[in-house]
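The values are calculated or read from the model by the stated rules, or taken from the named source; none is laboratory data. Bear in mind that the values here come from a model prediction, so they are computed numbers and not experimental data. Virtual Cβ from ideal backbone geometry, glycine too; neighbours counted across all protein chains shown.
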Amino acid sequence: MTCLCIHKNPLPYAHLLQHREPESIELVVIHCTELPDLPAARELGEKILYADSGTGNSGHYYIERSGRIEEWVSPERVAHHVRGYNTRSIGVELVNLGRYPDWFDSRRQLMTEPYTPAQLASLSWLLLELMSTLPALRWISGHATLDTDQVDASDDPAHKVYRKRDPGPLFPWPELLRDLRLQYLDGDSLETFKTD
């Protein structure tokens, strides 16, 4: 596999996020940005949503369609990327439209943009890097598997839609898992995985 590199681009508040030991990280969560590009994701990631800590929501790593990898939060910090699993997980965001811009419209729930070969190659490389440096890392899952809450549809409150659908049906789980020693954390194994 080609040797890639990680471009460090810390969020302005990254140093304020809770510190943790690398030995506590057991899970990687795969997300997609559901936004048009990386600058839009950055703008959202820089927003302060938690006044008490001066921090916001973001993943640790972002992978552009070109395959470029950016680190916005170091693994030693707890990023806010998935409810209930943050303290023991790493968030990896792939730039992808997802349901943008109609996230909660019940008529627009299909995710149709495929992930690029460059993104998937970079993701595989990044996961191998993380596995070599995080001794307890053994699980992987998608955001939608861990956050199954529903909300009122924006077009019709009588309908419900899932808050999170990422990384979506076009994400190639079988191919990714074939080359890794990570176990997929699904509904059955969630019962034994303690949350935050």
Inset, instruction - Quick one: in the range 1-32, of everything that is touching an Asp or Glu at 6+ places or on another chain (Cβ under 9 Å) and of a type in the set (D, E, K, R), which residue is farthest from L146 (Cα to Cα)? - result: K8
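Answer yes or no as to whether L127 is in contact with a helix residue (DSSP H, G or I) (Cβ under 7 Å, 6 or more places away or on another chain) and either at pLDDT 95 or above or within 21 Å of H19 (Cα to Cα) (or both).
No; evaluated as a whole, the condition is false for this residue.
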Inset, instruction - Read through the list (1) in contact with a Leu (Cβ under 7 Å, 6 or more places away or on another chain); (2) within 25 Å of L97 (Cβ to Cβ), then give the number of the only condition that F193 fails. - result: (2)
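Condition (residue is surrounded by 12 or more Cβ atoms within 10 Å (Cβ to Cβ) and part of a helix (DSSP H, G or I)) applied to the range 22-36: is it met by at least one residue? Before the answer, list the steps.
The initial filter retains those residues of the range 22-36 that are surrounded by 12 or more Cβ atoms within 10 Å (Cβ to Cβ), namely 22, 24-36.
Next, only the ones that are part of a helix (DSSP H, G or I) stay: 22, 24.
Yes - at least one qualifying residue is present in the range 22-36.
Residues in the range 45-64: is at least one modelled with pLDDT under 95, of a type in the set (K, R) and either surrounded by 14 or more Cβ atoms within 10 Å (Cβ to Cβ) or not in a strand (DSSP E or B) (or both)?
Among the residues of the range 45-64, not one is modelled with pLDDT under 95, of a type in the set (K, R) and either surrounded by 14 or more Cβ atoms within 10 Å (Cβ to Cβ) or not in a strand (DSSP E or B) (or both), which makes the answer no.
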Inset, instruction - Assess whether G168 counts as being over 20 Å from E71 (Cβ atoms), touching a Cys at 6+ places or on another chain (Cβ under 8 Å) and of a type in the set (G, A, S). - result: yes
Inset, instruction - Please list, ordered by first then second residue, the pairs with beta carbon atoms under 9 Å, 6 or more apart or interchain, first in the range 136-149 and over 21 Å from R20 (Cα atoms), second among the acidic types (D, E) and at pLDDT 95 or above. - result: G142/D166; H143/D166; A144/D166
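Name the one entry in A158, A136 that is part of a loop (DSSP other than H, G, I, E, B), more than 20 Å from T87 (Cβ to Cβ) and hydrophobic (A, V, I, L, M, F, W, C).
After applying the criteria, what remains is A158.
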Inset, instruction - Could you pull out the residue among E70, E93 that is under 17 Å from G168 (Cα atoms) and in contact with a strand residue (DSSP E or B) (Cβ under 7 Å, 6 or more places away or on another chain)? - result: E93
Legend entry - Filtered residue count, the range 82-118, keeping only those that are closer than 20 Å to L38 by Cβ, in a loop (DSSP other than H, G, I, E, B) and either without any contact (Cβ under 8 Å) to a residue 60 or more places away in the chain or out of contact with any Ser or Thr (no Cβ under 9 Å at 6 or more places or on another chain) (or both): 8
Inset, instruction - Can you tell me which residue among S106, S154, S132 is over 16 Å from the mean Cα position of the chain (by Cα) and closer than 29 Å to E76 by Cβ? - result: S132
